[in-house]
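A short write-up of the structure that comes next.
We did not get these values from a lab; they are worked out from the coordinates using the rules stated. Keep in mind that what you see is a predicted model, and the values were worked out from it rather than measured. Using ideal geometry, Cβ is built from the backbone for each residue, glycine included, and neighbour counts are taken over all protein chains shown.
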Amino acid sequence: MRGPVRPGGLLDVLSVASVVLDTKGRIVLWSPQAEELFGYSAPEALGQYAARLMVDERHIELVGKLFADVMSTGRSWAGGFPIRHKDGTTHVVEFRNMRLMDDNGDVFALGLAADQSTVRRLEQDVALSERIVKQSPIGLAVLDTELRFVSVNPALEQMNGVPAEEHVGRTIREVLPSLDADALESSYLRVLRTGEPIIDESAVGRTPADPDEEHIWSVSVYRLEDALDNVLGVATSVVDITEPYRAGVEAEHARRRLAVIADASARIGTTLDLERTARELADVAVPELADLAVVDLLDTVAEGRRSTLGPGEPAVLRALAVRAEQGADTVRAADSPGTVARYAPDLLITECVRTGEAVVVPQVKDEDLARIAPSGEAAVRLGRAGVHSYLAVPLIARGEVLGALDLKRTRNPAPFDDDDLLLARELAARAAVQIDNARWYQNARTTALTLQRSLLPTHPRVTPGLEVASRYQPAGATVEVGGDWFDVIPLDGDRTALVVGDVMGSGINAAATMGRLRTATNTLASLGLDPAALLEHLDKTTSGLDHSIATCVYAVYDPHLRRCRIANAGHLPPARVRPGRPPELLDLPTGVPLGVGGVPFATTTVAFEPGDELVFYTDGLVETRTHSLDERLDELLALLGDPARPLEDACDLLLRELHHPDNHDDVALLIARARNLP
């Protein structure tokens, strides 16, 4: 038999007051709790009529009837009643009144009272706790100090596959014999002893609810104590984390994929060099994805033509990059960079580039090598290198198949699976865009190097939401083509690129450089690059053109967003004219001229509403030997004060008033006015 149990604290929380009245309604017993509840000390209360002491006059008659009924019939009465406190305030008190009789036959009335708000709060807490426990999707249980179940909620019933009544009074090992009960009970006893809770401790096992499948649970345990710090037992919460755990494993695979893709984003496409971009792709693929990676490009694509591979045609592929994990045998199993190989129509890589679909052979057999290698000799080398799994994914950019990423595993024992295929597709998709950019850039640069002279457009192209006018005036009377240029380039989404530039110097060399830069600008603009990024690429192009230096302003106008994004490479700032406002020079970061290198450019966004004008010009329009540049720019703004003037007239006015005869520099002028889209 257990010894005395410490008292519980619930009565202390309620602070129940006891009052005993004689048959006349006078107070004969008065507890300390009554003194706290009503405010009167025992000497003040004893002998007093209770109704007169604690009840408002308007309630005295009702109280008298209730008292008489209890005393005469013996029926108890319970309910809330407003009581007057000693300090004059009124409190609603929850009463339980009953008749008492002593051994002499004398009758008394016992009143038990507690503050009604305290009673209601406890009732609400109990009701809320009960509702939460029953409706909680988390398994909840209470165990006593001997670790026997006292109660379980429906969620734990369902989780364990055992009814609640079969839990009560039994231990964990008795209810769930398939679990590691020793470890669980050891943890529960530690919580009982120390009071330190256990949070999210994992448990693995099987229950009658699913005896054929192992589950993983997250278990938390807390010690239960009453208001007087008596230890009542432990409460435990159980969450089945089997599915989240499996999802976590899958998420780790996804995290790995994202890490590789992030690495690829940083490492692939650092330049617009085709071979280097291919090498960067191969370097990312090995060893993370494969032991051997080859980046093959269709020979027609490498030469700047679109691929036209049809059914039954062989694929002529040029190896751009080869990367092997280790070993000369593995490297010899692949074509060296620059090698052009002819792949028969029935080979797997031919199928890949013809259909634009990935090809995977998880377990490579001897007969598969003949469909992987371009020749019998190559098949022998692949077999000798130990290739056991093969994957090829197409390189597709802007709807065109450029080539394939060819992956093989030799040392990695795992075959290529769906996760590997997904990762390879992501890498190929990202790299293909960079390779395509490099291909077109390289083709544009090759074209620019062969260009001897480039003619400016006589009239800018008409583009949506934009009205343009332009002028080009050669330097002096020699009418020699110089290095100033302008261009209007339609882009996707109704956008328009506006370009004005100035190559240092004049004559055929400046004109040739201008032609190269203009061609490169058009090509890069078609890639949809940000203005600052375009200038960075253009800067690299200029650096390779015999130490040429040029200034340039590149802007992209979007009529839907009604804004211009502008980047400046050491050029004079454009002027903006808006109806109802004075003309202004745009406050842009000046940047450094193209060809200096090493300094990044910045893109600035400015509002460009219908009716607004942007005026681009080269320094030949405003620079003179006799006036400061600030004075000349002020003259320019003064001449732009009429935004309603036709653009052609505005061009003529600016040339007539600003281009002085003593200025031996040529001038390029471009004015664009925004208008509403049809």
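Think of it as helices only: each DSSP H run of n ≥ 4 in the chain is worth -39500 (n - 2.57), and spread over all residues that comes to -10500 deg cm²/dmol at 222 nm. If you look at the Cα atoms of the range 508-651, you get an Rg and a Dmax of 16.0, 47 Å. A Förster radius of 35 Å, combined with the Cβ-Cβ distance separating Lys134 from Asp69, puts the computed FRET efficiency at roughly 0.35. Find, to one decimal place in angstroms, the Kirkwood hydrodynamic radius of the range 136-240, where the mean of 1/r is taken over every pair of different Cα atoms and then inverted. For the range 136-240, the Kirkwood estimate is 13.7 Å.
Each of Ile549, Ile60 was scored by other Cβ atoms within 10 Å of its Cβ. Listed from fewest to most, they are Ile60, Ile549.
Note on Lys24: lysines with a C-alpha under 20 Å away, same-chain residues under 8 apart excluded, are Lys65. As a rough footprinting exposure proxy, the listed residues Ser218, Ser18, Ser389, Ser628 were ranked by other beta carbons within 10 Å of their own, and the order from fewest upward is Ser628, Ser18, Ser218, Ser389. Going by neighbour counts of Cβ atoms within 10 Å, the residues Lys65, Lys540 line up, fewest first, as Lys65, Lys540.
Quick check for you: which residues of the range 142-161 have the amide N under 13 Å from the point 7 Å beyond the Cα of Ser178 toward its beta carbon? Taking a point 7 Å out along Cα→Cβ of Ser178, the residues of the range 142-161 whose backbone N falls under 13 Å are 159-161.
Enter the Cα centre distance for the pair the range 140-159 and the range 563-587, rounded to the nearest angstrom. The range 140-159 and the range 563-587 have Cα centres separated by 74 Å. Segment Arg398..Glu61, full-extension length gain: 111.8 nm, with 0.36 nm per residue of separation and the alpha-carbon distance subtracted. Measuring spread by the Cα atoms of the range 580-672 yields a radius of gyration and Dmax of 14.7, 43 Å. Hey, quick one: spin label on Ala259, modelled 7 Å out along Cα-Cβ, who in the range 403-433 has an amide N within reach, i.e. under 16 Å? Under cut-off, by backbone N: 420, 423. Counting only alpha carbon atoms, the long axis of helix 116-135 and the longest principal axis of the chain meet at about 50°.
Only Cα pairs under 8 Å and 6+ residues apart enter the sum, and on that basis the relative contact order of the range 10-121 stands at 28 percent.
Our estimate of slack between Asp106 and Thr626, defined as 0.36 nm per intervening residue step minus the Cα-Cα distance, is 174.5 nm. To the nearest 10 degrees, how steeply does helix 242-267 sit against the main Cα axis of the chain, on a 0 to 90 scale? The angle comes out at about 30 degrees. Relative to the dominant Cα principal axis of the chain, helix 531-543 is inclined by about 40°. For Val231 and Val340 in one chain, what is 0.36 nm times their gap in residues minus the Cα-Cα distance, to one decimal in nm? Here the segment from Val231 to Val340 would lengthen by 31.1 nm.
Plainly put, the range 318-387 has a radius of gyration that is 0.94 times its Kirkwood radius, both from alpha-carbon atoms, as the Rg/Rh ratio. The tail of the calculated P(r) for the chain, taken as Cα-Cα distances beyond 52 Å, holds 51 percent of the pairs.
What the Cα atoms of the range 10-121 give is an Rg and a Dmax of 13.3, 41 Å.
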